[in-house]
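Structure first, then comments.
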Amino acid sequence: MRPPDITVATVADRARVLSSLVASFPEDPVLRYLFPDEGTYPRYAATFFGHLFDKRVQKGTIWTIEHGASTAIWEPPTAGDASSDDALSAHLPADALARVRAYDRAVHAALPTYPFWYLGVLGTHPDSAGRRWGRAVMGVGLSRAAADGLPAVLETSNPANVEMYRRAGWQVVHALTEPLSIWVMQQQPA
């Protein structure tokens, strides 16, 4: 059986990507910290993932299988993220926005000061789980980082993901406890 094609996401993929990511993270510690209410989780998580998608889709660094069944949202090396969270502040209540900002501040304080590729989101719709599609879409960004001679960095708040990423060659470089447990991981270029 031939593996599915990995494509660069476009604006046309947005709805499917967001739907898959919302379905991928209903029990994820960081998403539950950000959006703890069951009733509003789908809407607020979609807003959050939509913000991340919109910031990166024109950069050509969102890789996907089946137009969103599995997605890796990567941020290429930059001199700093000058984007604002105006889109979030217009669509999230103040308490959720405060949690997003607190989480963002904590993570960014632990990130390297040198250039790196950043894996911001990696998710596979539950209907496609177990096919190793997440590893495949992650691999495209890792290849780009390696081609640039740069490390790749991610963060996770899910202890089970730490072991999964370790098996894929990542190493924990920071462990945070506030505002929740967060592991910052890095992979050096091959």
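Read the figures in this text as sums done on the coordinates, not as results from a lab. The structure presented is a predicted model; accordingly, all values stated were derived computationally and were not measured. Note that each Cβ is placed from the backbone with ideal geometry, even for glycine, and that neighbours are counted across all protein chains shown.
Remarks
- Computed [θ] at 222 nm, deg cm²/dmol, the chain (DSSP H ≥ 4; -39,500 (n - 2.57); rounded to nearest 500): -13000 deg cm²/dmol
- Once backbone amide H atoms are built at 1.01 Å from N, Ala69 has no partners under 5 Å, excluding neighbours fewer than 5 places away on the same chain.
- Relative contact order [Cα under 8 Å, 6+ residues apart], the chain, whole percent: 23
- Of Met185, Thr40, Thr113, farthest towards positive along the dipole that unit charges on Lys, Arg, Asp, Glu beta carbons give region 39-190: Met185
- The chain - Rg and Dmax from Cα coordinates, angstrom: 15.6, 49
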